[in-house]
Amino acid sequence: MATAVLTTGRELSNPPSDGITNLRFSNHSDHLLVSSWDKSVRLYDASANVLRGEFMHAGPVLDCCFHDDSSGFSAAADNTVRRLVFSSNKEDILGRHDAPVRCIEYSYAAGQLITGSWDKTLKCWDPRGASGQERTLVGTYPQPERVYSLSLVGHRLVVATAGRHVNIYDLRNMSQPEQRRESSLKYQTRCVRCYPNGTGYALSSVEGRVAMEFFDLSEASQAKKYAFKCHRKSEAGRDIVYPVNAIAFHPIYGTFATGGCDGYVNVWDGNNKKRLYQYSKYPTSIAALSFSRDGRLLAVASSYTFEEGPKAGTKADEQDAIYVRSVNEIEVKPKPKVYPNPPA
Amino acid sequence: MGKKKKRVSSKVWCYYCDREFDDEKILVQHQKAKHFKCHVCHKKLSTAGGMAIHVLQVHKESVTKVPNAKPGRESTDIEIYGMQGIPPDILAAHYGEEEDDVPSKAAKVDIPPTQLVGGMIPPPLGTGYPSRPALPTMPPVYNPAVPVPPNAWVVPPRPQPWFSQPPVVSVPPAAPYTQQPLFPVQNVRPPLPATAPALQTQITPPGLPTSAPVPVSQPLFPVVGNNHTTTQSSAFSAPPLPSSVPSVTPVMSTNVPVDTHLSSNSSVTSSYQAIGVPGGAASNSHSYASGPNTGGPSIGPPPVIANKAPAPQPATNEVYLVWDDEAMSMEERRMSLPKYQVHDESSQMSSIDAAIDKRILESRLAGRMAF
């Protein structure tokens, strides 16, 4: 078992002044987009450690994503979906939901923006259309419950909602889900992320567990699925079970990192069912994770996620922070499977 | 049914819990973490006997059972290391197990009917067998407080596969239901009151519409051995039947995930499976404690009626769930704080308009227009 690295990575200057809800690396550069409870979306150059822009909203921003290197999108608690233009530092409202917008994803394959809200709907937007809800809204798709997490791979969209529902869509035919599933984990879904190879998804819960699922319904594929426990500790005769807030897949190796309320980031090899690495403990809960496009950087949002309710005061070392760490190949590269020598 | 399970002979498995592993190194790792670990100091020993000796010599306690082992395989006397030392009869029995002993791992998936050609069910979804009872039939237990059914009563049919239609069993009117025993006896069901409809336990195979359920004969509660007189607080004690009993539709969990308990996964090595039972607390080797400041009752996993009794497990740590509110997410709870309360711009505008209208109305009533 590899030992934990002493450093947590380089801390970005000018972090948000309240909890971090999500962070995303650009697909084209080392720019990092960060959304926060302080009602802002911030754009950083992660490699240069420079704040490039800031966009203020009317309410907390629950998610954000890139369109390209010149623009991005945000999902806010004021029910709005906004387009952010980095060069001019301007923003415009693409449209609205009837409740806070929890998740946002841009599909390069479909050229559409997908948003999920606590109003129990999924909405697809065409950002190329002129501003104004009527012109940009492609469709509204009712969900069984409030949307908690979204993930895209190619034309596949996975939607995880409250009540442990999981809907799988083909973006080319959104009229109804391709599959309706129930989470194989018994507790509330926290995060869902598709495998980079498009064969399935990882889903985490508030009960320190991650399930590895497959889209293909054949018996052979379904036999491969499994779940494992993580982000737990034994202390004073009791087992403390932490929510698994974040999952991020490495773009090159297909291994993945998980972040939990225990303040740890673990790297896993899903194929070999092994933990590859555990980074040293961060000051507080891990709210979000993102690998850069080439997998050389890992952005870690260390930020209290409200798992223990309102806190009177935050210690100085528990302040919300963004760490960008250089990823060593040994931490993320899957180890070849060693088979025992057959008996003579 | 009698078909032998196709097993890859290279697969190794644990004598104590029947779990399979890809190689013996991982099996040994598993045994050390799950079966040969000292419950006092958590030291990992190489064999069950070694663990028993360690506990006796170092902690002055005696260990007679291997932790987390299946019933009948708890002896510390058999020297097992990986696959070495497994009695030949158990080896033979393991490789000769029948296909239907393996729990179904089919995903619980609902495919919209329009995607099925001619309304057919895809092969992986269209096959299934009812699970067999985990324990042998218990001898009848009699409780004087529970009336014994008369000989004339119709005996319910034996369990059938879900695809066949068993005959409907009619329950004749019974005497008025007066008193429940103080300690309900496990697996002895009092007669239904005259007003109660027949209990039906239904399971719909995946892919078929739920409007046409197929009855399956299932026990109302999981079978628990030996605890014939359990208190009402027991997870498996039968709750008093109400005056009218609704039809019971259990959630059949065909999709129990396989936990990969690798020694590197986490410091917590105890495995648990919560089973919810109507009228009883969740049966669990751990008690889930409520998370702090989450402002609501501890909501466990959705109820599942299980046919198998949980394997007897050693006393384990209490499990404390940091976030235990199943009704809402952390973000939803956080949004309820006053500092995050927002109104979108349109509602803000309407509230401004309302304030202006109110001001105009007030000034008119006062007999002057003041802006």
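The values are calculated or read from the model by the stated rules, or taken from the named source; none is laboratory data. Note that the structure is predicted; figures quoted are calculated from it, not measured. Here Cβ is always computed from backbone atoms with ideal geometry, including for glycine, and neighbour counts include all displayed protein chains. The accessibility values were calculated without ligands, DNA or RNA, using every heavy atom of the protein model including side chains. Shrake-Rupley method; radii C 1.70, N 1.55, O 1.52, S 1.80 Å.
Here are some notes:
- Remark on segment A:220-246: accessible area falls by at least 50 square angstrom from chain-alone to full-complex state for A:Lys225, A:Ala227, A:Lys229, A:Arg232, A:Arg238, A:Asp239, A:Val241, probe 1.4 angstrom.
- Spherically averaged projected area of segment A:50-94 from its Cα convex hull (nm²): 3.1
- Peptide A:180-190 has a mean of 6 when you count, residue by residue, the C-beta atoms of other protein chains within 10 Å of its C-beta.
- Accessible surface comparison of A:His28, A:His97, probe 1.4 Å, protein chains only, largest first: the order is A:His28, A:His97.
- Computed in the context of the full set of protein chains, the accessible area of segment B:12-100 at 1.4 Å probe radius has 55% of its extent on carbon or sulfur.
- Semi-axes of the equivalent ellipsoid for segment B:12-100, Cα gyration tensor, largest first, Å: 24, 13, 10
- The modelled label-to-label distance for the pair A:Arg172/B:Ile90, using points 7 Å beyond Cα in the direction of Cβ, is 5.4 nm.
- Panel values: chain A, Kirkwood radius from alpha carbon pairs, Stokes-Einstein at 20 °C and 1.002 mPa s, translational diffusion coefficient 105 µm²/s.
- Neighbouring partner chain Cβ atoms per residue of A:158-170, average, 10 Å criterion: 1
- Convex hull of Cα atoms in segment A:143-289, direction-averaged projection (nm²): 9.4
- Theoretical ellipticity at 222 nm over chain A - DSSP helices of four or more residues, -39500 (n - 2.57) apiece, nearest 500: -500 deg cm²/dmol
- Overall Cα dimensions of segment A:9-140, principal axis frame, Å, largest first: 42, 27, 24
- Remark: the A:Ala48-A:Thr140 segment gains 29.1 nm on full extension, using 0.36 nm per residue and subtracting the alpha carbon distance.
- Shielding by partners, peptide A:268-274 (average Cβ within 10 angstrom, other chains): 3
- Label separation (B:Asp18 vs A:Ser218): 2.8 nm, computed from points 7 Å beyond Cα along the C-beta direction.
- Under-5 Å amide H pairs with A:Ile240, H placed in peptide plane, nonlocal only: A:Lys233, A:Ser234, A:Glu235, B:Tyr320
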